[in-house]
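Chemist: Structure incoming, see below.
The numbers here are math on the coordinates, done by the rules we state, and not lab data. Quick caveat, the model's predicted, so the values are computed rather than measured. Virtual Cβ from ideal backbone geometry, glycine too; neighbours counted across all protein chains shown.
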């Protein structure tokens, strides 16, 4: 009974028999994984879909076609390819590859990570509009959009940055791929999954009925990167390519709060005041960064527990100190393997150290981002016409139908075409 | 606030719209039914079925106590069949159920979207015009809400940080003196009484252990505790950890690590290193004076790592079981690769300098447990024959290396270069040492250089230079220092002594020895090993004073290794243990 | 974009510069990552030397039915009549009755070969990868039963959920063209 823990290899206790009846020893079967060509096809479909999305959002400007592509992506990348590989989850692989020279990045993952970034830099967030299956899932179920107040939206968006920072930290330290593990819809894509993930997925779906794309807006770590690139994209979605007549019909058109109103310059007194606020916030910036760095680094023992080696080292230490009773599977396996505790401790220490450094970096980055957000909110904006927000617009194309200028343009165009 | 479709009553009366909406509602209702049924099945799988399985297990155990109970056996069979049937049925159900659920959601959504798309967006009653006041107020609200969120996030972080204060188990170990706030076992304490790598834990040839013998003689069998045969040749030095002595030996065809019992000299195990794909490899052309095993192995106690002139590296556990091995590729080295391994915590440091010009060299750290490369950094040096050494500074640990022309420092945690100083040239073999805060490196036949290790970064050739001093510099043996004086030793037996404070020559003494092994410092004595097996013990002072000579009968090239009360000498044929014979 | 006849103002110039920097940054990141990437695909596999048959494979796989199954290295097998991978300790009889079997799924098929040898085959459609037989076989037998990820079933998650839960850290990424770590082969 005691021997049961020593399962590792087993021993050749009974020599294989010499058969006399001409019995043939069967071979162990080894069914192979899918052929490599599938990766090539996936990458090609992905690139074509991205191209299509850019064309549909910028040139064709048709919500119907965008929905069509969205459904295709949902079926292909979601249900057919089981939602894996996806660009959002690829952040984990990229972070691991960047910090761990032992890990080889599969080429298909690189394509999925990089292509949407490049496309966004040129054409805006067509990826979010019609290629990402997670976005599509939320977009098609949006029935009665509730407007999220702007200040709340700005605050909730911080969560996405936090998620990104910690996802990178955990992946880079080789602890876990948080984004993949808590992918909200992968259970649907696989028709399979554990209970908690079903609950998570269904909750997101229910929220998505009323709040437009909650994951995309408030959590998606990849969306955070796309937002920034979209700010400076070469071309991007406009409510109408023609001149805005300020009819205000599109004001409520966007369920994601990404249609922004024109705003006038501030009166001089207010302007001076906002300048003072900005100066104060700029001074605050390094303080926020330092505070973030301090909290992030102080969290390292907790964060490091995400790493199996640290958990094991903690457990073994607790067992040796008599703080806990019995053994876990992991500590039992460790003891059975006869490895050295001292070495395990040293390894745990070096991992904790990485978390200390990484936690600090993440904290500093988050402090700077939050400070930047505060500053940005204080900078007065002068805008002449209604337009799609550079960063926040998912390029879903809903607003086109609301714009009378756009309607007229379409009618003109169809007349031109019929001539 | 939501989109409104007030003017679409007519469209809503159309049969198509009604039909689509109807489909959507029906699909949604079916979806809800499917979800409820799935939840029930899920509950059964999670709760009811495991309970059944437990019961079955109990029954089986009961049967063990009364094997003849046929009724119970029958019951078990029935239960077993039931459980398995249920499980398969539920799985089938869940599989189809989820497809139904997803299908109904998609149908509901698509019908709904299609129906909605028939409607025309109606004008929205405009809200009040956006005015500066509103803008200012919104900005203020945004700042407020963002600040509150930040405070909440910060509070969560702080809570996590505070509850993470190490529990008792974590605080057993002493706080780290290193720059990190991480609690740790300090490496310096771990290796204090060990000889884990070439010239000791810090690679400086200083033995800080008590009771090292200073008188022995093989002919009179005085103070020779044991002598054991070494099966393969090699110029590498032995290393010691607790009660084990390790050394390497190799020929063109074999690369081995030997483990001896420090108590009685018994060969405990022999480990062979032959990574995949190296079996039929053509043996590289290595100079006879270097040989295939000039690289000293290294150990952190639980793993013993060896590298050879072929660039094959491997690691064993204490019982001689190979843990991992790799072929790094035969390094391009004029006399043959001879650099020893350094060890720091779980990292095995390989200085892999090669090629006649820069561009091929790098320094790597392997995880001793599994051979994973923890970091690798390119090095701007051609082939060298020096070894990396670990040193402890007041700002933490560093790796020191020498090459042509750079003496460099690296961070052992990341492999990042910390500083570099240009002073060496051509082929370098003597290894740098750290003494009293000075890095001492030497240019064969020419000069001795000292650089302050004052944590300045970048190129410190000028800024950190303490002094240089001309002298008859060796081309093989590494220097040794007691923190006040530094000694160098040439092959022809020229012992030079310099003042560490200013580099001025203190004395030069010509010894009648041919020396390949580097001198070591034991307490206040210099131990100088000659090729003929003679070892001179001299006073480590400002004048040369020979205290005695000891002899073994075999030729020696390797530097000695130490354990408390013991010295280990490797001759061309044997391993000697010298110490007090009980 | 700026109109050709309008002088470039400072804002546009900054934006263009930033855009260029971002593009260069992306290109650089792409190049660095491409140097670390390879056409080689990787799949998850269990190192049988490390596996402790803890049972997590049966419960942690994202699939309802785990993609980990028991496989049999027949050439290592002793073909025992009393197979400790097949029978519970101290079975009441060496027959195929449920009360004597170790496998909770009845997934091991016992067939007579010749006196006194029996062949044990895994019915993978029934096996749930719990590893009870693996433990039994390794403890008292030759250890010819062991767990492997079956790649016709595995969806090759970016991060394998079982790997994350594996107490012995026995899961590793292996090249997709050599996706098995079989016992008794070289």
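Chemist: Based on the inverse mean of 1/r over its pairs of different Cα atoms, what is the Kirkwood hydrodynamic radius of region B:187-579, in Å?
Modeler: Kirkwood hydrodynamic radius for region B:187-579: 20.6 Å.
Chemist: If you don't mind, there's one more thing I want to ask. Tell me, A:213, A:63, A:236, A:409 in order of fewest to most beta-carbon neighbours within 10 Å?
Modeler: Details: A:213 27, A:63 19, A:236 22, A:409 16.
With the fewest neighbours first, A:213, A:63, A:236, A:409 line up as A:409, A:63, A:236, A:213.
Chemist: Still on this structure, please answer the following. How far is the Cα center of region A:95-126 from the Cα center of region B:279-355, in Å?
Modeler: 37
Chemist: For a label point 7 angstrom out from the Cα of residue B:269 toward its Cβ, which stretches of region B:293-337 have the backbone nitrogen within less than 11 Å?
Modeler: Residues B:303-304, B:316-323 qualify, since their backbone N sits under 11 Å from the label point.
Chemist: Also: Going by how many other beta carbons lie within 10 Å of each one, how would you line up A:203, B:496, fewest first? Write out the running numbers ahead of the final one.
Modeler: Values: A:203 12, B:496 21.
In increasing order of surrounding Cβ atoms, one gets A:203, B:496.
Chemist: Separate question: Simple spin-label model, 7 Å along Cα-to-Cβ: residue B:88 to residue B:147 in nm?
Modeler: Label-label distance for residue B:88 and residue B:147, simple model: 6.7 nm.
Chemist: To continue, here is another question. Using R₀ = 35 Å, calculate the FRET efficiency as 1/(1 + (r/R₀)^6) where r is the Cβ-Cβ separation of residue B:422 and residue B:542; round to 0.05. If you can, show how the numbers build up before the last one.
Modeler: Details: r = 31 Å, r/R0 = 0.90.
Here the calculated transfer efficiency is 0.65.
Chemist: Kindly give Rg over Rh for region B:458-582, based on alpha-carbon atoms, with the Kirkwood expression for the hydrodynamic radius. Working shown, then result.
Modeler: Details: Rg = 15.6 Å, Rh = 15.4 Å.
Across region B:458-582, the Cα-based Rg/Rh ratio is 1.01.
Chemist: Oh, and also: Determine the distance separating the Cα centre of region C:32-95 from the Cα centre of region A:136-150; give it in Å without decimals.
Modeler: Computed from Cα coordinates, the inter-centre distance equals 45 Å.
Chemist: Given the peptides B:276-286, B:460-470, arrange them by the average over their residues of other C-beta atoms within 10 Å, most packed first. Spell out each step's value before the answer.
Modeler: Values: B:276-286: 10.9, B:460-470: 15.8.
The densest-packed peptide leads the list: B:460-470, B:276-286.
Chemist: I would also like to ask the following. If only Cα atoms are counted, what is the Rg of the protein assembly as shown, and what is its Dmax, in Å?
Modeler: Considering the protein assembly as shown through its Cα atoms, Rg and Dmax are 36.0, 119 Å.
Chemist: Quick check: residue separation of residue B:14 and residue B:26 times 0.36 nm, minus the Cα distance between them. What number comes out in nm? All intermediate terms of the calculation are to be shown ahead of the outcome.
Modeler: Numbers: separation 12, 0.36 × 12 = 4.32 nm, distance 1.82 nm.
Contour length minus Cα-Cα distance gives 2.5 nm.
Chemist: OK, next. Counting only DSSP beta bridges with both residues in the protein assembly as shown, tell me the antiparallel percent, nearest 5.
Modeler: On the way: 131 of 138 bridges.
So the antiparallel bridges in the protein assembly as shown amount to around 95 percent.
Chemist: Using a 7 Å offset from the Cα along the Cα-to-Cβ direction at both residue B:580 and residue B:251, what is the distance between the two label points in nm, to one decimal?
Modeler: If labels sit at residue B:580 and residue B:251, their model points lie 4.2 nm apart.
Chemist: Right, here's the next one. Calculated FRET efficiency, residue B:501 and residue B:555, Cβ-Cβ r, R0 25 Å, to nearest 0.05? Before the final figure, lay out the partial values.
Modeler: Numbers: r = 37 Å, r/R0 = 1.50.
In this case the efficiency is close to 0.10.
Chemist: For region A:365-389, list residues with backbone N below 16 Å from a point placed 7 Å from the Cα of residue B:116 toward its Cβ?
Modeler: Backbone N within reach: none found.
Chemist: In addition: Based on the Cα atoms of chain A, what semi-axes does the equivalent ellipsoid have, where each is the square root of 5 times one gyration tensor eigenvalue, given in whole Å with the largest first? Kindly include the intermediate steps, with their values, before the conclusion.
Modeler: Values: eigenvalues 471, 200, 55 Å².
Largest first, chain A gives 49, 32, 17 Å.
Chemist: For the residue pair residue C:75 and residue A:323, what label-to-label distance in nm results when each label sits 7 Å from Cα along the Cα-to-beta-carbon direction?
Modeler: With each label point 7 Å from Cα toward Cβ, the separation is 4.9 nm.
Chemist: Let me ask something additional. For region A:263-382, what is Rg from Cα atoms divided by 2.2 N^0.38 Å, rounded to two decimals? All intermediate terms of the calculation are to be shown ahead of the outcome.
Modeler: Numbers: Rg = 23.6 Å, N = 120, 2.2 N^0.38 = 13.6 Å.
Against the compact-globule rule of thumb, the ratio is 1.74.
Chemist: Rg and Dmax of region B:6-118, Cα atoms, in Å?
Modeler: Both quantities, over Cα of region B:6-118: 24.1, 82 Å.
Chemist: Provide a whole-number value for the mean count of partner chain Cβ atoms within 10 Å of the Cβ atoms in peptide A:346-358. Please report the intermediate quantities before stating the final value.
Modeler: Working: counts 13, 7, 4, 12, 11, 1, 7, 8, 4, 1, 3, 4, 0.
Taking all residues of A:346-358 together, the mean is 6.
Chemist: Here's something else I'd like to know. Using 1/(1 + (r/R0)^6) with R0 = 60 angstrom and r between the beta carbons of residue B:512 and residue B:49, what's the FRET efficiency to the nearest 0.05? Please list the in-between numbers first.
Modeler: Working: r = 88 Å, r/R0 = 1.46.
Computed FRET efficiency for residue B:512 and residue B:49 comes out at 0.10.
Chemist: Another question, then. Which part of region B:250-287 falls in the paramagnetic zone of residue B:319, meaning amide N under 16 Å from the point 7 Å along Cα-to-beta-carbon?
Modeler: B:268-271
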